[in-house]
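Below is one structure, written out as structure tokens; comments come after it.
The values are calculated or read from the model by the stated rules, or taken from the named source; none is laboratory data. Not measured: the values here are computed from a predicted model. Glycine also receives a Cβ, built like all others from the backbone with ideal geometry; neighbour counts cover every protein chain displayed.
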2 protein chains.
Amino acid sequence: MSPVPPSAEPVVSDPEAQLRIWAPSGIGEVCDGDDLAEVLATVLTDLVDGDVLVVTSKIVSKAEGRMIAAADREQAITDETVRVVATREHPGGVLRIVENRLGLVMAAAGVDASNTPDGTVLLLPVDPDASARRLRAAVRGIHGVSVAVVVSDTSGRAWRNGLTDIAIGAAGLAVLDDLRGGTDSHGRELTVTVTAVADEIAAAAELVKGKATGRPVAIVRGLAKHVLDDDGPGARVLVRDPDQDMFREGSAEAYARGWADGRGAVAAD
Amino acid sequence: MSPVPPSAEPVVSDPEAQLRIWAPSGIGEVCDGDDLAEVLATVLTDLVDGDVLVVTSKIVSKAEGRMIAAADREQAITDETVRVVATREHPGGVLRIVENRLGLVMAAAGVDASNTPDGTVLLLPVDPDASARRLRAAVRGIHGVSVAVVVSDTSGRAWRNGLTDIAIGAAGLAVLDDLRGGTDSHGRELTVTVTAVADEIAAAAELVKGKATGRPVAIVRGLAKHVLDDDGPGARVLVRDPDQDMFREGSAEAYARGWADGRGAVAAD
């Protein structure tokens, strides 16, 4: 397909019903100890109040010095793991899907070997919600604007092929848009709809940032209605409580545990 | 937060690294037998080659006459179900998470009671990939442009709170962006990254369409690189194969089956 003609401006009467998302280039490599807001300062000069700044977790981790030797990868996964959810053998070893210390259910606990220097892997930020809050405050200090910040990471899902970006950290954002109590277009109460706005923003930003493109940051304009004056709840509220989690174990793991218990129950009779 | 000033145009040098998404108003109620492309014709006049048109499944279903009496809801869920994945009792009845005939794992099989007239519920389109192909062809015929079409629906996820929109139908789109074999910014091969572009597009569009707003369609401009000359694979390829699915049963269901089998194994000894 031919590229988008720069002059092709959509005609939209209502500014509430449009989004712009862009990913600036020119961001250099981020290193241990860097102040992210300073590194990003030159590409964030046109931020306005109500923008959402989406930052790939990778550069947050790098600034926080979360890079370790690749030889320690399996141990790092173990260290980041709170609970093993499911495992599967593959030709190169064992895939571990685990709950990590952030409550995220992820393959390899979110320990990442792409886009890092040879011989290294990258751990997730220590506390991505805190990282988001710090970056939000620093952006306000430097640029004088009130924005929301989302820290995004790439994750697999149950039942569906392909990865999508999700929000693992957030500040200044209504992470969940709770429509319960509102009404639909027929005037009936919406009873179950809570939208994971932060995850949808992370996914939208990934479409622009892409992978391996040297564009680790995206700005989303048009969602001011979801941007808060305070730091808000953070992305941790996206993690489902254990008692609401119907997929707390892989099917094979749950079956095996049941089998052992069922056999044991007979022995105890 | 104050609304976005209309003059706040981002400065982006590379048109490949920006997206615009908008949701036109003025689309009337869709009824059984309507030709969707005709209903949408007046709001799609500024489409250009390479745009992605995201259509809420609800209006596709309505045009296809998939509305049934609400009294038949439980039977409809049963009819749409290929396989029960997990169930949970709640005060109002039993929540059924099932694989439906489209391969989608969804609560209530995707049978929807919101935004429908009183006393009715809505089934998913018969074949959303086919619906997307038909709409794509009709848009080309009316407007003379080659676009991709995504049919989106709202779905829950394992492990995470809140719903996001996903792609249940697609035409003219590289639904999965397979980066395997490419290289990262350090020149190393990307081995595992397949991005679910269609799901990310559905999620991005939801941010603009929202719920209950009378804006069931969004146009995404800036993803021409993912738009195909042919119809492409369709959203069905997003459904994980059973032998790759580690969460084929709910944990409680798998455990119970294991328990019965373990107990039975002893009896057979």
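Of the residues in region B:134-145, at least one is closer than 22 Å to B:G210 by Cβ, in contact with a strand residue (DSSP E or B) (Cβ under 7 Å, 6 or more places away or on another chain) and buried (at least 16 other Cβ atoms within 10 Å of the Cβ).
Selection of region A:220-269 for residues being surrounded by fewer than 19 Cβ atoms within 10 Å (Cβ to Cβ), within 30 Å of A:I21 (Cα to Cα) and charged (D, E, K, R) yields A:K225, A:D229, A:D230, A:D231, A:R236.
Once region B:189-219 is narrowed to residues that are modelled with pLDDT under 85 and more than 7 Å from chain A (Cβ to nearest Cβ), the residue that is surrounded by the most Cβ atoms within 10 Å (Cβ to Cβ) is B:G210. Applying the set (1) in contact with a Pro (Cβ under 6 Å, 6 or more places away or on another chain); (2) in a strand (DSSP E or B) to A:T154 leaves exactly one unmet item: (1). Consider A:V98 carefully, then state whether it is crowded, with 21+ Cβ neighbours inside 10 Å and within 9 Å of chain B (Cβ to nearest Cβ). So A:V98 does not fit the description; no.
Residues that are more than 7 Å from chain B (Cβ to nearest Cβ) and not in a strand (DSSP E or B) were ranked within region A:157-174; the one that is surrounded by the fewest Cβ atoms within 10 Å (Cβ to Cβ) is A:A174.
When restricted to residues that are over 25 Å from A:T42 (Cβ atoms) and more than 11 Å from the chain's Cα centre (by Cα), region A:138-176 contains 11. Of the residues contained in region B:1-17, none is found to be in contact with a Lys or Arg (Cβ under 8 Å, 6 or more places away or on another chain), at pLDDT 95 or above, within 14 Å of chain A (Cβ to nearest Cβ) and not in a helix (DSSP H, G or I). Can you name the residue in region B:63-78 that is surrounded by 14 or more Cβ atoms within 10 Å (Cβ to Cβ) and in contact with a Ser or Thr (Cβ under 8 Å, 6 or more places away or on another chain) and is also modelled with the lowest pLDDT among such residues? Here the residue is B:A70. Quick check on B:V85: is it within 12 Å of chain A (Cβ to nearest Cβ), more than 17 Å from the chain's Cα centre (by Cα) and assigned to a strand (DSSP E or B)? Judged against the criteria, B:V85 is a match. Could we say that B:L44 is surrounded by 14 or more Cβ atoms within 10 Å (Cβ to Cβ), touching a strand residue (DSSP E or B) at 6+ places or on another chain (Cβ under 9 Å) and away from chain A (no Cβ under 14 Å) here? No: the conditions fail for B:L44. Within region A:65-81, the set of residues being in contact with a Leu (Cβ under 9 Å, 6 or more places away or on another chain) and not in a helix (DSSP H, G or I) comprises A:R66, A:M67, A:I68.
Restricted to region B:101-113, and to residues there that are surrounded by fewer than 24 Cβ atoms within 10 Å (Cβ to Cβ) and not aliphatic (A, V, I, L, M), the residue that is farthest from the other protein chains (Cβ to nearest Cβ) is B:R101.
The rows are residues; the columns are (1) outside the structural domain of B:D32 (by TED's automatic domain parsing); (2) touching a residue at least 60 places away in the same chain (Cβ under 8 Å); (3) in contact with a Leu (Cβ under 9 Å, 6 or more places away or on another chain); (4) farther than 15 Å from B:L40 by Cα.
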residue: B:V85; (1), (2), (3), (4): yes, yes, no, yes
residue: B:R101; (1), (2), (3), (4): yes, no, yes, yes
residue: B:L104; (1), (2), (3), (4): yes, yes, yes, yes
residue: B:A108; (1), (2), (3), (4): yes, no, yes, yes
residue: B:G119; (1), (2), (3), (4): yes, no, no, yes
residue: B:R136; (1), (2), (3), (4): no, yes, yes, no
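Checking B:G250, B:G234, B:G258, B:G222 one by one, the residue that is facing chain A (nearest Cβ under 8 Å) and either modelled with pLDDT under 95 or on the phi > 0 side of the Ramachandran plot (or both) is B:G222 and no other. Among the residues making up region A:79-94, those that are surrounded by 14 or more Cβ atoms within 10 Å (Cβ to Cβ) and over 20 Å from A:A167 (Cα atoms) are A:D79, A:V84, A:V85, A:A86, A:T87. Among residues of region B:20-42 that are farther than 20 Å from B:G65 by Cα, those with a beta-carbon under 7 Å from a residue that is small (G, A, S) and part of a strand (DSSP E or B) at least six positions away or on a different chain give the pairs B:I21/B:A218; B:W22/B:A218; B:A23/B:A218.
Does A:S57 satisfy the criteria of being within 22 Å of B:W159 (Cβ to Cβ), buried (at least 21 other Cβ atoms within 10 Å of the Cβ) and touching a residue at least 24 places away in the same chain (Cβ under 8 Å)? For A:S57, the condition - within 22 Å of B:W159 (Cβ to Cβ), buried (at least 21 other Cβ atoms within 10 Å of the Cβ) and touching a residue at least 24 places away in the same chain (Cβ under 8 Å) - is met.
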